[in-house]
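The values are calculated or read from the model by the stated rules, or taken from the named source; none is laboratory data. Just so you know, these numbers come straight off a predicted model, no measurement behind them. A quick note on method: Cβ atoms are made from the backbone with ideal geometry, for glycine too, and the neighbour counts reach across all protein chains shown. Just the protein is used for accessible areas: all its heavy atoms, side chains included, with ligands, DNA and RNA removed. Shrake-Rupley method; radii C 1.70, N 1.55, O 1.52, S 1.80 Å.
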Amino acid sequence: MSLTLKEKQSNYEFMRILSMFMIVFWHVIGNNVPIGSLNSSLSFCFKFIQTCIVVHVNSFVLLSGYFSTGKTTTWRKGLSIFFTSWFYRVVFACLLFFTAWVPLSHIQFFQEIMPFDLKNYWFINCYLVLLLLVPFLNILIHHMTERQHKYLLFVSFFLFSIVPFLTSQATVSNDGYTVIQFIFLYFLGAYLKKYPIAQNYHFKSWSKNKLQLLFVFLFFGCFLTNFMLSYFSNDLIQMNNSILNHIGTTLNSSLLNYSNPLVMIQSVSFFLFFGTLTIKNKWINKISTLTFGVYLFHDNYYFKQIIYQPFHIGNYLNFYVLIPYCLLVAFILFCAGLLCEFLRTRLVSFLKKRKLVQKIFTKCENYVQEF
């Protein structure tokens, strides 16, 4: 999920690292903690945490719109993402198949080592489609006026965020795991790049500290409102009234969707806050280039079936040590993913120096450029 950027800024690279850690923590909770079965205090804490860190995926796509606008070709980035994800799938398929840690059938094994697989890595599938559309999206962005761009965002926000939230996906289906969501976020990221909020006439006179307070207030305001709605929706579901039950169910089913309007505002506030920071650190920039591998390492469809087993998280359910223990597990998996991606990049760097590989790569590059 970490995409190499030509314009390196440590503030956004730090946001990328933090967002990836949030994703790992989110998956540790989602794959191991039955929140509804916990005691009320722990359930409250985990829901609070989830509502806070739900911005992780949106922040990545916003970065793409922010940094990729103006570019006409994205095939290099697309190929890099495609072959990196394929590398992880092949490695894990071979490891699990020949060790029998996960019982893979011969069909499942061959499905995994094939280049295309829609079962693994939903984010990659959506992102690759977005990259195919980026050259055309950038043409549109380049020719739109600020007013037209703003109108497009308002219409998209209404159709693909507010309407799905209020209708529980019945009218327009977008829970945030869709290409539609990625395109909307791309346009939004591009707008924030093209028309910086600090240069907007409403905020020109604002100091950086004042802007930071605004973004923090919006982040926590949306996050706490969304969190309170979760308990309000549960109360409505339990009432003896079909209309209130329907409203409660509708609210409850959309609270942690990436397209939720409150989550969207929370995500933009999160993104803009990091834009106000001044951070320059080469280690942050280096680590951020490895975060894509963290995602591929810990969220592989088959590998994640065994990756949590050594930690025995189920033994700590309903103990208050569960939260810090889940944080520790997330940190270990995050570091393991960084290490694996570092080793993969060293291997790729070694192979690229081989004459045969260089020859094959040059031929492939020339073939693609002929289109």
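Worth a mention:
- Prolate/oblate/rounded call for the chain, Cα gyration tensor, a/c under 1.5 rounded: oblate
- Charging the Cβ of each Asp and Glu at -1 and of each Lys and Arg at +1, and nothing else, the dipole of the stretch 50-191 about its Cα centre rounds to 300 debye.
- Phi-derived couplings, Karplus 6.51 cos²θ - 1.76 cosθ + 1.60 at θ = phi - 60°, listed residue by residue for the stretch 251-268: 5, 4, 6, 10, 5, 9, 6, 5, 8, 3, x, 5, 5, 4, 5, 4, 5, 5 Hz, with x used for Gly and Pro.
- Per atom type, the stretch 132-269 shows carbon and sulfur on 69% of its accessible surface, probed at 1.4 Å.
- Per residue accessible area in Å² of the stretch 141-249, where ligands, DNA and RNA are left out and the probe is 1.4 Å: 60 Å²
- Projecting the Cα atoms of GLY36, LEU317, LEU131 onto the dipole axis of the chain, where Lys and Arg carry +1 and Asp and Glu carry -1 at the beta carbon, places LEU131 farthest toward the positive end.
- Here is how the number arises for the chain: DSSP H runs of 4 or more residues each give -39500 (n - 2.57), the sum is divided by the residue count, and the result at 222 nm is -23000 deg cm²/dmol.
- Most fluctuating residue given options VAL155, VAL163, VAL24, as computed from a GNM of the chain linking Cα atoms under 10 Å: VAL155
- Taking all protein chains together and rolling a 1.4 Å probe, THR278 ends up with roughly 110 Å² accessible.
- Under Karplus coefficients 6.51, -1.76 and 1.60, residue-wise ³J(HN,Hα) of the stretch 288-300 in Hz, glycine/proline x: 4, 5, 9, 5, 4, x, 4, 4, 5, 6, 8, 10, 5
- The stretch 81-142 and the stretch 27-71 have their alpha-carbon centroids 22 Å apart.
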